[in-house]
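Taking it in order: structure first as structure tokens, then the write-up.
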Amino acid sequence: MSKRIGLILLFWGLINLSAQAFEPFVVKDIRVEGLQRISAGTVFNYLPIKIGSTMDNSSTASAIRTLYKTGFFRDVRLEHEGDILIVFVSERPAISEINIAGNEDIESEDLLKVLKEVGLTEGRTFNRSLLDKIKQELHRQYQNFGKYAVRIESEVTPLERNRVAINIDVSEGQSAKIKQINVVGNQVFEEEELIDDFEQSTSGMISFYTKDDQYSRQKLSADLETLRSFYLDRGYINFKILSTQVSITPDKKDIYITINVQEGEVFTISSVKLAGDLKVAKEKLFPLIKVNKGEIFSRKKATRSSDNVTSLLSNEGYYFTNVNTVPKIDNEKKEVALTFFVDPGKRVYVRRINMIGNTKTRDEVLRREVRQMESAWISAKNVERSKARLKRLGYFEDVNVETPAVPGTTDQVDINFKVKEKPSGNLLAGIGFSQSQGLIFNASISQENFLGTGKQLGFSFNNSDVTTQYSVNYTNPFYTVDGVSRGFLLSYRETDAEEADISDFTTNELRTGVTYGIPLNEFDRLRVNFELVDTDINIGNTAPVEVAEFLDDNGESFLNYLVSVSWAHDTRNRSVFPTRGAFQSVSAEVTVPGSDLTYYKMAYKQQRFFPLTKSFILLLKGDLGYGNAYGETTELPFFENFFAGGIRSVRGFTDNSLGDLDSNGEPFGGNVKIVGNAELIFPVPFQEDNKTVRLSAFFDIGNVFDDTDAFDLASLRASVGLAATWLSPVGPLTFSVAQPIREEDGDDTEIFQFSFGSAL
């Protein structure tokens, strides 16, 4: 401290020494010497002396102090020649570049933001005294991540034109690991139960992946709040965290955390009231209150109750509703009276809805997805639903919503939907290989947002050992103003079943049709499809008896009029890599009388996503199918059979291999299909924000059967394994490694399977 005072006294002494040489005079002119980067106007702007001012020792000292305080100069000196004041300055160098090396756990961009906050950034004046402050700040940032052994070295390199380059070398070292977490003062609950939900823990078997044993100040704060919530949700309303001690071993490798608590006692709820300007009837609000008289107090339930009331009023136009939970604590009776005080504010109306960022997509395409109306009161539910519908269009990388207040008003807002467009058209040609289809060549031209109208147009060609297909399709998603879609399809497909390890036959199929999509509500959609299907069957020399007999009875060429109806319910948050919500569909198709073959098929599919944590998701899938013939056709056509097995069905079994075999011992499929999947989806290790790769551990079960009478639970096949899907630039790539856990002799199994370009 005494050293710092001495330096200050020396500094001001030097200033006064510079000022003492002046005899009073009137300034007739001012000249500045020594400038390199800084303009003379800047100096004149800060200089408290003007032409006509009288110079003396006091004004001289004041001028020097003022110029020093700007931080631009490392030396300031005043002289005069007669009535001319001469200001001699020596500029501090400017920071030309800042280079950071050796950092891995913290991005350079984040470190540069920290340096900017303490005054160190490119273009600023360099002050060597900042270097120590910089090191301290960077040390603090790394210690927040548990890296107490970090070493930071800095070097200043002079450059031309009075500039410097600052080079910062970081040696991060190893993160300190949590050796022990102790909770002191707990009497009712065991320590293991209290810390079970902590984000941080001692080292475990998967800590190398989760990094939960690495100390972080932010994570500790979150864990303390978790502990507080644990007690408050169980009625301990007076619970306190008395202190927290974090100690580190001398080698800076192990950390010990001790949390001192005071539990208090359990409080029950004596009464529940609603107060304030409710705007709606209490009878409508009270069912939203999830706490009741006589129950043990729970902060979680109280918070949920406040959120429920806020949500309801926000949907009624009271967008800025504030609901405060006011507890009245009776420490003697161990009771708490809860009052939910409602402050709705004014009902807010929407002046204007703006679309921002859509350079290609027409405004009308976006506006027809918006469920909030202009001039109506704002509804939080409608705004959020509008955002979700815009995301699901598939035209945008990102969609954000802002609701700025209209200047000069207290009850109006604008809604700004800010979108970031992505390419909606694809021109694709490629060669690939699949286990089930062999060599694949494909080419396609597709435009999901044709000329910015939202209409879809596509041409495609696919060729593999199994299938050759040509197709053209067109869809207008808003054929009518109320959202009825209409699409057309024309396709030709040749399929070699033998190459797919089925039976020895080929099919040539020409298909054309029209599809109407009818929205029932925000989540449900009905589709009606009318198709004309012309099919030719050619059998090989080794065709099984089952195929030959069917063709003998029905012929080899068929013209069928197909009608299908499907219902879909979709609440997924996005169509690719969803994290929550569900999708389910029920479909039925039938060939109408007058067709060469009369048959029907029904199917049910479902996907349900359950977020377990921020990073882990449980996915449950089901796929059921049933088909049969009617009228003069005696059995479901063999080329319409269901199949199971493979990477999109029961993994670990060869594609289409499950079910009964034909007379040649090849898979023949069946008219009943049952498949179920359970997957635990988890992030890529050390890349939790990776949006193009998804990993999962799965359990698959299923099979196909000749008919319902043949169904037997004991015949279901099952497997477990790991899977990965990569959204590559040329299409999705899916890999799986599976081990059958329920199989029978003769089953065709595959441990490793992959596919390219299949639907997700």
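Among the GluC sites (Glu not before Pro) in the range 308-392, those located in a DSSP loop and surrounded by at most 14 other Cβ atoms within 10 Å of their own Cβ are GLU332, GLU374. Each of GLU137, GLU104 was scored by other Cβ atoms within 10 Å of its Cβ. Listed from fewest to most, they are GLU104, GLU137.
Annotation note: GluC sites (Glu not before Pro) in the range 496-594 located in DSSP loop regions with a Cβ neighbour count of at most 14 within 10 Å are GLU522, GLU556.
Per residue, the convex hull around the alpha carbon atoms of the range 431-756 comes to 150 Å³.
Kirkwood Rh, Cα Rg: Rg to Rh for the range 258-344? A ratio of 1.05. Normalising the average separation of contacting C-alpha pairs (under 8 angstrom, six or more residues apart) by the number of residues puts the relative contact order of the chain at 5 percent. In the range 166-297, the alpha-carbon atoms span a convex hull of 222 Å³ per residue. Straight-line cross-link partners of LYS422 among the lysines, defined as a Cα under 23 Å from its Cα and at least 8 positions apart when in the same chain: LYS360, LYS387, LYS391, LYS455, LYS691.
Over the residues of the chain, the helix contribution to mean residue ellipticity at 222 nm works out to -5500 deg cm²/dmol, using -39500 (n - 2.57) for each DSSP H run of at least 4. Put the Cα centre of the range 408-423 next to the Cα centre of the range 271-285 and the gap is 32 Å. Listed by chain and number, the aspartates and glutamates placed with their C-alpha closer than 12 angstrom to that of LYS420 are GLU397, ASP398; residues fewer than eight positions away on the same chain are left out.
Karplus-based coupling profile of the range 621-636, in residue order and whole Hz: 10, x, 9, 10, x, 8, x, 6, 9, 8, x, 6, 7, 8, 8, 4, with θ = phi - 60° in 6.51 cos²θ - 1.76 cosθ + 1.60 and x standing for Gly or Pro. Checking [x] 44, 36, 26; [y] 67, 36, 32; [z] 57, 41, 19 against semi-axes √(5λ) of the Cα gyration tensor in Å calculated from these atoms, the matching label is [y]. Going by neighbour counts of Cβ atoms within 10 Å, the residues ARG717, ARG161, ARG493 line up, fewest first, as ARG161, ARG493, ARG717. A viscosity of 0.692 mPa s and a temperature of 37 °C, combined with the Kirkwood radius over Cα pairs in Stokes-Einstein, give a translational diffusion coefficient for the range 349-421 of 265 µm²/s. Counting every pair of alpha carbons in the range 97-247, the share spaced more than 25 Å apart comes to 46 percent.
Taking the longest Cα principal axis of the chain as reference, the axis of helix 380-392 is set at about 70 degrees. Here LYS28 is the anchor, and the aspartates and glutamates within straight C-alpha reach of less than 17 Å, apart from those fewer than 8 places off in the same chain, are ASP56, GLU79, GLU81, ASP83.
Lysine pair count for the range 177-262 (Cα-Cα distance under 26 Å; residues 8 or more apart in sequence or on different chains): 15. Annotation for the range 174-229 versus the range 30-86: alpha-carbon center distance of 60 Å. Where both bridge residues fall in the range 268-343, DSSP classifies roughly 55% of the beta bridges as antiparallel.
Considering only C-alpha atoms, what is the centroid distance from the range 571-593 to the range 120-143, in Å? About 55 Å separates the Cα centre of the range 571-593 from the one of the range 120-143. Calculate how many DSSP beta bridges within the chain are antiparallel, expressed in % of all such bridges and rounded to the nearest 5. DSSP beta bridges in the chain are roughly 85 percent antiparallel.
Bear in mind that the values in this text are calculations on the coordinates, not laboratory data. Because the structure is a prediction, the values reported are computed rather than measured. Glycine gets a Cβ as well: all are built from the backbone with ideal geometry, and neighbour counts include every protein chain shown.
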